[in-house]
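J.: Once you've had a glance at the structure underneath, I'll fire off some questions.
The values are calculated or read from the model by the stated rules, or taken from the named source; none is laboratory data. A quick note: this is a predicted structure, and the numbers were derived from the prediction, not measured. For neighbour counting, all protein chains shown are included, and Cβ atoms are generated from backbone atoms with ideal geometry for every residue, glycine included. Just so you know, the surface numbers come from the protein's heavy atoms only, side chains and all, with ligands and any DNA or RNA stripped out. Shrake-Rupley method; radii C 1.70, N 1.55, O 1.52, S 1.80 Å.
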There are 2 protein chains.
Amino acid sequence: MRVLVLGGDGYLGWATALYLSQCGHDVAVADNFVRRQYDFELGADSLVPIESLQVRTAAWRELTGKSIEMFVGDLTDADFTYQMIKDFRPESVVHFAEQRAAPYSMIDRKHAVYTQVNNVVGTLNLLYAINEIDRDIHLVKLGTMGEYGTPNIDIEEGWLELEHKGRTDRVLFPKRPGSFYHLSKVHDSHNMEFACRIWGLRATDLNQGVVYGQQTAETMLDDRLATRFDYDAVFGTVLNRFVVQAVLGHPLTVYGSGGQTRGIIDIRDTVRCIQLACENPADPGEFRVFNQMTESMSVLDIARTVAECYPGEVTIDHLENPRVEYEQHYYNVTHSGLVELGLEPHLLSDTLITSLFDIAKRYGDRANLETMRPGVDWRGTGGQP
Amino acid sequence: MRVLVLGGDGYLGWATALYLSQCGHDVAVADNFVRRQYDFELGADSLVPIESLQVRTAAWRELTGKSIEMFVGDLTDADFTYQMIKDFRPESVVHFAEQRAAPYSMIDRKHAVYTQVNNVVGTLNLLYAINEIDRDIHLVKLGTMGEYGTPNIDIEEGWLELEHKGRTDRVLFPKRPGSFYHLSKVHDSHNMEFACRIWGLRATDLNQGVVYGQQTAETMLDDRLATRFDYDAVFGTVLNRFVVQAVLGHPLTVYGSGGQTRGIIDIRDTVRCIQLACENPADPGEFRVFNQMTESMSVLDIARTVAECYPGEVTIDHLENPRVEYEQHYYNVTHSGLVELGLEPHLLSDTLITSLFDIAKRYGDRANLETMRPGVDWRGTGGQP
């Protein structure tokens, strides 16, 4: 199967490209390297050093004999997007190529506008390119569990069968996202549902939980194949950040009481979910949604789990919550769709956390404590991080 | 009360500015005149000639002694938006300043992207400007009934109390809009609800039905105060278009069977609704939604009503529907919020339609039949109109 991975130089895009290539698919990656640019802006960096995309793909070819074609450009550039789809003629497009950090979108007006324009226009261009070039191309798009917010009802997989005043309908699950980033993905989802409805496109929206872990079977083959490990307050995901804090002897920084509960997923399950979505495409006209997470945990429970696993002493600090979110709430999520396709979840284990400690220890001297302090205030009017 | 009307040179913005000024409010208008630019692009024009904004405001001052301040600029230019809010310091901002035609957004990729970026970024800039300058400013934003689509359940006013698996929540009403334009308004609504939630802003979202009519008590004072009367296939609203077709002896062009039912409202009720929303602001933190329509009619019933009122012969043509929409569907809308604030609806009457015939007759020699042919195909891949 020909699979084009957009955002293929990023944390998950790169690991996904390797996994799909290893599975025998004919893989290409596209990236504009803006994720590396955000690091310069924020003075942050991946804890694990990463190679350029050129070195990465060359190393993969050297080690496995498999080649991964590379497209360098920006989805908001429609000419680039159309030409890439025409040149590679994918059967599936896996779309990771969005600004993906909630705090980054909340820095100030410019970052909010940038995030929404970048994400919405990139996806619109892609929908039009697929519509005009080949409506049979299956779009596998990364959404986020954060699109739903924390409703007081069970979270279903994208759609909701509801009854109201004695009548019934199947509707898009009502969403109440928590940042301008999360909102950009809600906008994308609405645009995609419309494109499926009017043009008969096939799309799968993967509402992913918070990802943890840094290694897959493929990235472990060689240091040159490593993917990012972000631990800063803007791009770092919470479990990865706690691991680095534990290893550095820094308190784990829990926002508020830590009762806020989120869906989580191991990076090894992420890449498998993408494979399952690609190999089992949505039907023509179908806007299919899966909740791509394997278990739910509160932020405080994640911190306690990391603290308990760590052989040394770990303290937990409760910081004033810079976000606006419920810290006590109902949270029950349906996430059976991907399991029905064959996902066998890796649940969070001591073994995984121990391996993350090893990574953090190996590269601990590269850590920059400054970047771990939350500098973006949801209630503010645009303080720089 | 100080009220800033954004898009104050447009069909409804201008009539609203006059009405609020007549009510004794201190009114300013802002516009970038892009609506006049769309006419050049499409080779279309208002049937009723309209004056420049400078002549309009001067005539209003000459006739009533009331002045309307004018800001010329674009909401997507944040510097302009911030400076205008700082200079005028409104208590209410009435926001009509968006690309408002579904067919225009469906012309091709460029028009879809333009519509979403223009509308979403303009509103984001405004939300940030209010947040940073004065959180007490009440935002009165024009949405559209088209955001809801045609669900199989009753359409409530923006929010839905729902029960699911024995639990309850109050959620944003799930939406299934019918064009990239309607989607842009759905995106706006989500962004606004978030801004109210995290910053405590006050906002009223007015999901307006299809507007008909061209005259208000104020615009009738002098020809120089006339507002637009659009009858082309891109910007013309359906009843206004049918009136012109009847007068010109052209068949009324119904898309498909015409069973598609929509909420409708008289322009005189539109301006009154805006006044009621401004004078009864939302609470701090409240995202309030009203369905701004007074009755529902199918497109075929609108055509038949026009045909019956017209003294001459009128035929009705059923064209292949260029849109993707249900032509038979359930449609029952709650629209009591504005009535509770004091709206006394003008329902569609023979008298109103007769007055529209008079307008169409007076200016019939200005009509361009070419522009009435539907040239934008929802299913297509970007044919020019």
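J.: Can you name every residue in the range A:84-105 that is in a loop (DSSP other than H, G, I, E, B) and either more than 17 Å from A:Lys185 (Cβ to Cβ) or open to solvent by less than 10 Å² (accessible area, probe 1.4 Å) (or both)?
T.: Of everything in the range A:84-105, those that are in a loop (DSSP other than H, G, I, E, B) and either more than 17 Å from A:Lys185 (Cβ to Cβ) or open to solvent by less than 10 Å² (accessible area, probe 1.4 Å) (or both) turn out to be A:Arg89, A:Pro90, A:Glu91, A:Gln99, A:Ala101.
J.: Going by the structure shown, is A:Glu132 more than 10 Å from chain B (Cβ to nearest Cβ), modelled with pLDDT of 95 or more and touching a helix residue (DSSP H, G or I) at 6+ places or on another chain (Cβ under 9 Å)?
T.: no
J.: Would you please name the residue that is farthest from the other protein chains (Cβ to nearest Cβ), looking only at residues in the range A:153-168 that are exposed (fewer than 13 other Cβ atoms within 10 Å of the Cβ) and in a loop (DSSP other than H, G, I, E, B)?
T.: So, considering only residues that are exposed (fewer than 13 other Cβ atoms within 10 Å of the Cβ) and in a loop (DSSP other than H, G, I, E, B), the one farthest from the other protein chains (Cβ to nearest Cβ) is A:Gly166.
J.: List every residue pair whose Cβ atoms sit under 7 Å apart, with the two residues 6 or more apart in sequence or on different chains, where the first one lies in the range A:329-346 and is within 14 Å of another protein chain (Cβ to nearest Cβ) and the second, anywhere, is open to solvent by 50 Å² or more (accessible area, probe 1.4 Å) and part of a loop (DSSP other than H, G, I, E, B).
T.: Going by the 7 Å Cβ cut-off, the qualifying pairs are A:Tyr330/A:Asn152.
J.: OK, next. How about the range B:21-72: which of its residues are open to solvent by 20 Å² or more (accessible area, probe 1.4 Å), within 20 Å of the chain's Cα centre (by Cα) and in contact (Cβ under 8 Å) with a residue 12 or more places away in the chain?
T.: Within the range B:21-72, B:Asn32, B:Phe33, B:Val34, B:Arg35, B:Arg36, B:Leu42, B:Asp45, B:Pro49, B:Ile50 qualify.
J.: Look through the range A:175-225, keep the residues that are facing another protein chain (nearest Cβ under 10 Å) and not in a helix (DSSP H, G or I), and return whichever of them is most open to solvent (accessible area, probe 1.4 Å).
T.: Only one residue fits best here, namely A:Arg176.
J.: Can you name every residue in the range B:135-147 that is within 11 Å of chain A (Cβ to nearest Cβ) and either under 17 Å from the mean Cα position of the chain (by Cα) or without any contact (Cβ under 8 Å) to a residue 40 or more places away in the chain (or both)?
T.: B:Glu147
J.: Then there's this: Take A:Thr81 and tell me if it is out of contact with any strand residue (DSSP E or B) (no Cβ under 7 Å at 6 or more places or on another chain) and either at pLDDT below 95 or surrounded by fewer than 22 Cβ atoms within 10 Å (Cβ to Cβ) (or both).
T.: no
J.: Hey, another quick one. If you go through the range A:118-129 one residue at a time, how many are within 9 Å of chain B (Cβ to nearest Cβ) and within 18 Å of the chain's Cα centre (by Cα)?
T.: Counting residues in the range A:118-129 that are within 9 Å of chain B (Cβ to nearest Cβ) and within 18 Å of the chain's Cα centre (by Cα) gives 1.
J.: Let me ask you something else. Kindly evaluate A:Ile353 against the criterion of being surrounded by 13 or more Cβ atoms within 10 Å (Cβ to Cβ), over 20 Å from the mean Cα position of the chain (by Cα) and over 21 Å from A:Ala277 (Cβ atoms).
T.: So A:Ile353 fails the test.
J.: Taking the range A:196-222, which residues are closer than 19 Å to A:Ser21 by Cα and in contact (Cβ under 8 Å) with a residue 12 or more places away in the chain?
T.: Those that are closer than 19 Å to A:Ser21 by Cα and in contact (Cβ under 8 Å) with a residue 12 or more places away in the chain: A:Gln214, A:Gln215, A:Thr216, A:Ala217, A:Glu218, A:Thr219, A:Leu221, A:Asp222.
J.: Looking at the range B:116-139, can you tell me whether even one residue there is touching a strand residue (DSSP E or B) at 6+ places or on another chain (Cβ under 7 Å), assigned to a strand (DSSP E or B) and crowded, with 23+ Cβ neighbours inside 10 Å?
T.: So far as the range B:116-139 goes, yes, one or more of its residues are touching a strand residue (DSSP E or B) at 6+ places or on another chain (Cβ under 7 Å), assigned to a strand (DSSP E or B) and crowded, with 23+ Cβ neighbours inside 10 Å.
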